[in-house]
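Structure first, then comments.
The values are calculated or read from the model by the stated rules, or taken from the named source; none is laboratory data. Being a predicted model, the structure only gives us computed values, none of them experimental. A quick note on method: Cβ atoms are made from the backbone with ideal geometry, for glycine too, and the neighbour counts reach across all protein chains shown.
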Amino acid sequence: MKPLPLYRGFPRRSWTRIVGWYARSTLSRPAIGYFVERYGIDVSELEKPLDEYATLAEFFTRRLAPGARPVANDPSLLVSPCDGVLAQHGALADGTLIQAKGRVYTVERLLSGDSHLAQEFCGGWYWTIYLSPRDYHRVHAPISGDIIGYAHVPGTLYPVNDHGVQAVPDLFVQNERVVTYLATPMGRVAVVMVGAFVVGGITLAFAPELHTNRRPLAVKQVWLNPSKAVTRGEELGAFTFGSTVIVLAEAQRVTPDPGMVGMRLRMGMALGRTPRGGG
């Protein structure tokens with residue numbers, strides 16, 4: 001497959017900042033109606049009337065009306081943290097994840113090269129969820145527990161659509177990302193928010209000081225003391241425009257629901273379960 005110009009030599013970060021500036025400005029307000037029509041967004045789910053959104057960015061990071069995303073109430077369930085399509089799913093028997101056919105990457109590189117943290121997930125499971133521009137773009141806790149820390153891993157901003165994941169080796173470990181670590185009754189769980197082209201903004205609800213898509217940057221690892229309790233379905237963070245979320249679950253703590261690859265998910269739908277419950 002021949003790479004697109006976006007993959008080589010294109011100023012992806014600069015262009016992402018330009019698009020972000022436009023989306024945050026009131027100049028973008030007329031684009032909201034086009035965006036709704038183009039992507040078939042259900043406006044009945046919105047937290048507030050469509051004409052109350054002042055910018056495209058405000059609309060894109062919209063919250064939903066209460067009850068629009070019911071969270072499965074079985075305490076044994078691990079649920080989807082976001083809307084999107086389940087693009088990949090599998091076991092972490094050898095510490096690798098599938099990006100696309102013929103392309104794999106490692107948990108260790110995904111988690112900024114931390115071999116100790118990576119080892120905790122070897123033998124566990126992963127779910128890769130792709131969010132398109134039409135999707136609701138807030139990310140929520142897949143299980144109740146404690147937020148014990150987060151990592152911001154700077155990187156580039158390749159597109160994460162089908163063409164991108166098939167054409168760019170190690171895409172998810174090259175792109176900028178933010179990892180939230182949770183201690184839960186299912187053991188350690190990580191929620192990885194992966195940035196993408198024109199998705200330079202990743203925010204964390206519990207760490208408003210975080211700023212992404214800026215230079216110069218180094219890996220930032222923060223451990224919370226005290227930790228922050230979070231309930232399943234509570235907001236963790238948000239994206240601007242489409243991107244990808246990867247969920248990691250510790251070894252032997254959760255059994256995934258089978259036959260879900262390719263399924264369109266909504267936040268709160270079951271991904272897997274543990275016989276011990278407590279979610």
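Restricting region 25-36 to residues that are polar (S, T, N, Q) and part of a helix (DSSP H, G or I) leaves a set whose member that is surrounded by the fewest Cβ atoms within 10 Å (Cβ to Cβ) is Thr26. The set of residues in region 37-70 being assigned to a loop (DSSP other than H, G, I, E, B) and among the hydroxyl-bearing types (Ser, Thr, Tyr) consists of Tyr53, Thr55, Thr61. Among all positions in region 84-91, there is no residue which is at pLDDT 90 or above, within 19 Å of Ala205 (Cα to Cα) and assigned to a strand (DSSP E or B). Could you list, in sequence order, the residues of region 115-167 that are assigned to a helix (DSSP H, G or I) and among the small types (Gly, Ala, Ser)? Ser115, Ala118, Gly164, Ala167, listed by residue number.
Of the residues making up region 257-272, those that are touching a Gly at 6+ places or on another chain (Cβ under 8 Å) and either in contact (Cβ under 8 Å) with a residue 40 or more places away in the chain or outside any loop (DSSP other than H, G, I, E, B) (or both) are Arg264, Leu265, Met267, Gly268.
When restricted to residues that are under 17 Å from the mean Cα position of the chain (by Cα), among the hydrophobic types (A, V, I, L, M, F, W, C) and closer than 19 Å to Glu176 by Cα, region 101-157 contains 10. A Cβ distance below 6 Å, combined with a sequence gap of six or more or placement on separate chains, defines the contacts here; from region 97-119, residues that are over 17 Å from Gly149 (Cα atoms) reach residues that are in a helix (DSSP H, G or I) and among the β-branched types (Val, Ile, Thr) in the pairs Gln99/Val165; Ala100/Val165; Tyr105/Val173; Arg109/Val173. Which of the residues spanning region 26-64 are within 21 Å of the chain's Cα centre (by Cα) and small (Gly, Ala, Ser)? Answer for region 26-64, where residues must be within 21 Å of the chain's Cα centre (by Cα) and small (Gly, Ala, Ser): just Ala57. Taking region 177-218 as the range and being in contact with a strand residue (DSSP E or B) (Cβ under 8 Å, 6 or more places away or on another chain), modelled with pLDDT of 90 or more and over 21 Å from Arg63 (Cβ atoms) as the test, the residues that pass are Arg177, Val179, Tyr181, Leu182, Ala183, Thr184, Gly187, Arg188, Val189, Ala190, Val192, Val194. Here is the figure for region 176-206: residues that are crowded, with 23+ Cβ neighbours inside 10 Å and polar (S, T, N, Q) total 2. Against the conditions (1) touching a strand residue (DSSP E or B) at 6+ places or on another chain (Cβ under 7 Å); (2) farther than 28 Å from Leu46 by Cα, His163 satisfies every one except (1). In region 232-245, the count of residues that are modelled with pLDDT under 85, in contact with an Asp or Glu (Cβ under 9 Å, 6 or more places away or on another chain) and surrounded by fewer than 21 Cβ atoms within 10 Å (Cβ to Cβ) is zero.
If you check Ala229, Ala238, Ala183 for being under 13 Å from the mean Cα position of the chain (by Cα), within 18 Å of Pro81 (Cβ to Cβ) and either outside any strand (DSSP E or B) or not aromatic (Phe, Trp, Tyr) (or both), only one passes: Ala238. Among the candidates Val160, Val168, the residue that is touching a Pro at 6+ places or on another chain (Cβ under 8 Å), among the aliphatic types (A, V, I, L, M), surrounded by 20 or more Cβ atoms within 10 Å (Cβ to Cβ) and touching a residue at least 12 places away in the same chain (Cβ under 8 Å) is uniquely Val168.
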